[in-house]
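This report concerns only the one structure given below.
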Amino acid sequence: MKQITFIKSYLSVCLFVLSIFLSNYLKAQSLIKDDAVDNQSQRMVFQQWDQKKFYPKPGFLSLNPYYWLVWGFFDPNYHKTDRRPLSATGPQTQRLALVSTMNGIDNRYKSQSDTARNTALSQIASESGLLSDADPLWLLYYKQQFNPLLNYSTASILGGLSPQASTKLVSEGTYNWYTAELDKLKERLNGARSADMDRGSRIMAYYRMLNEYKNLSSVWGIRISTAQMTLDMAGHQQALQKGTAHISNWTPGSDVQIAKKVLQNAKY
């Protein structure tokens, strides 16, 4: 029993001594706020580089010994140069400015490349034969002008003629000549439409071939008129030979009147 009481007393004394030690230790620990450490931390990142916040200061006549221990003997010019990476002249600021400049140069190069690309595409589109049917001048004018050439047929060529005139043109080879000329002109036109060339050359080709087509159509019209006139003359000749020709409203004085009209309109 005496031993148990001794052990309890001993533990109580130990706990009392330990509590006193801990209380004194905890009281010895206090929060330290050092402005010099805080300012240096701010200088090491980006917040500020204020020369007025360098501690310790030189003091009166630079006699502060702490200043000389911290700055004077080791790096007296440290506070004169802003060493922050993100300062106005810091390396990171210069790097970001260089990156921004390079991005601007890249954007200008891209803009120039896009302009060159668009110019090349527009030039290819204007020269490509695959897109010639989309040319505005072809759609508005030349397509209608060349439509009889591109879609001609026997019915469109001989449809408005009498059977005798059609037979005469076919038998004399005039029709075959005309269709052969149309085929050659049509082939040239399709070649100009499908070939790759600049738009000006293509339009000039259309212009020349349209003139040729108009001339060819004029010749064909003359051949039709000649054939019809030949048929009419042959019919009149046969009527004269058969004595069936009839001259209406003719009198012996008609020739005299005609002669007088000729003399009146004659220019000397």
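The values are calculated or read from the model by the stated rules, or taken from the named source; none is laboratory data. This one's a predicted model, so the numbers in the text were calculated from it and none came from an experiment. Don't worry about glycine lacking a Cβ; one is built from the backbone with ideal geometry, like all the others, and counts go over all protein chains shown. Heads up: the accessible areas ignore ligands, DNA and RNA and are worked out on the full protein's heavy atoms, side chains in. Shrake-Rupley method; radii C 1.70, N 1.55, O 1.52, S 1.80 Å.
In the frame of its principal axes, the range 56-213 has Cα extents of 134, 20, 18 Å, reported largest first. LYS186: which aspartates and glutamates have alpha carbons under 15 Å from its alpha carbon, excluding same-chain residues fewer than 8 sequence positions away? Filter leaves GLU212.
Each residue of the range 77-93 is assigned a 3J(HN,Hα), and the resulting list reads 9, 4, 6, 7, 10, 6, 9, 5, x, 9, 6, 4, 10, x, x, 5, 5 Hz, derived from the Karplus form 6.51 cos²θ - 1.76 cosθ + 1.60 (θ = phi - 60°), x at Gly and Pro.
Counting Lys and Arg as +1 and Asp and Glu as -1, what is the net charge of the other residues whose Cβ lies under 12 Å from the Cβ of SER254? Surrounding charge for SER254 is +1. LEU139: net charge of surrounding residues, Cβ under 15 Å, Lys/Arg +1, Asp/Glu -1, itself excluded? Summing Lys/Arg as +1 and Asp/Glu as -1 gives +2. With a Förster radius of 30 Å applied to the C-beta separation of VAL256 and SER171, the computed FRET efficiency comes to 0.10.
For a Förster distance of 25 Å, can you work out the FRET efficiency between the beta-carbons of GLN94 and ARG117, rounded to the nearest 0.05?
On the way: r = 34 Å, r/R0 = 1.36.
Using R0 = 25 Å, I get an efficiency of 0.15.
What does the extension gain come out to for SER194 and SER162, with contour length at 0.36 nm per residue minus their alpha carbon separation? Intermediate results must be reported in sequence, preceding the final value.
Numbers: separation 32, 0.36 × 32 = 11.52 nm, distance 3.82 nm.
7.7 nm is the gain from fully extending SER194 to SER162.
Extension gain for LEU131-ASP232 works out to 31.3 nm (0.36 nm per residue, less the C-alpha to C-alpha distance). Note on ARG208 and TYR152: with the Förster distance fixed at 25 Å, the Cβ-Cβ geometry gives a FRET efficiency of about 0.80. Spatially, the range 151-192 and the range 66-106 are offset by 90 Å when compared through their Cα centroids.
Quick one: pull the percent of accessible area on the range 151-227 belonging to carbon and sulfur, 1.4 Å probe, ligands and nucleic acids left out. Looking at the range 151-227 in its full context, I get 54 percent from C and S. Bridgeable aspartates and glutamates around LYS214 (alpha carbons under 20 Å apart, same-chain partners fewer than 8 residues away excluded): GLU181, ASP183, GLU187. Which log10 I(q)/I(0) values, to two decimals, does the range 76-127 give at q = 0.18 Å⁻¹ under the Debye formula with one point per Cα? Those come out to -0.70, one per q.
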